[in-house]
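Written below as structure tokens is the structure these notes are about.
A short reminder: the numbers here are calculations on the coordinates, not readings from a lab. These numbers were taken from a predicted model, which means no experiment stands behind them. Here the Cβ positions follow ideal geometry from the backbone for every residue, glycine too, while neighbour counts run over all protein chains shown.
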Amino acid sequence: MLKYNFHLKSGAAKARMRMAASVAVSTMTLGFTSHAADIQDSIIPAAAILSVEQILGDGLEEAADIKPAEVNEKPAETVEATLEKAEERAEELRAQKEAEEKRRAEEAAQQAQAARAVSVSGSGSKELLASIIFCEAGNQSFEGQVAVGAVVLNRIASSAYPNTMEAVIYQPGQFGPAGSGWLDQVRSTGGYTATSMQAAEAALAGQNPVGGCLYFDQGGYGMQIGAHFFH
């Protein structure tokens, strides 16, 4: 529309100039008749003041009114689509980060499991674990016995405790049967039950109903399995 108006206005101005020139020639040829003189008086002054700047002026003024920001402004739909893509990318990065953290946690758990397996693979370790399970939870359910075995293994994996089964179970002030001598009696005679041995094997195989719990007692707090509370 701007281009059209510009040409329209400039074309009209040029037409006026041509008309003024034509009339001027005519009047000079006819000797400035009264009729031609009247026309000349009304048209010639207008042609005389009509310059190139005046011809182009209106069109340039209209063109100047158009701001670059308005020409380059993106539609709202385009801006919204860009924001949506940015949000999608951010979500992808968050998912990648979570996946990486999960992978690292799994690797750390596997390494801890491998370290624990080495620590409990010594001669008599399975029998020792079955013995402490029998002494501490021989009258509990199979799950309750596995839970006691899991606590022992959690302590071996923890930096707050010794890293061998022997040292963990016989650590002073920790397991009552170890301090009283009952554990040694059961251990030397193989007095544990088949269920306690099965519970020890299940715990060594990775079965763990108490998560990362490091303690258990009766009448305490935490996760209850049978008569014991694990925390």
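Points to keep in mind about this one:
- Note on segment 126-190: Rg/Rh from Cα positions, Kirkwood definition for Rh, rounded to two decimals, is 0.94.
- Share of pairwise Cα separations in segment 122-231, more than 20 Å, in percent: 31 percent
- Estimated distance in nm for a label pair at GLU91 and ALA205, the labels positioned 7 Å out from Cα along Cα-to-Cβ: 4.2 nm
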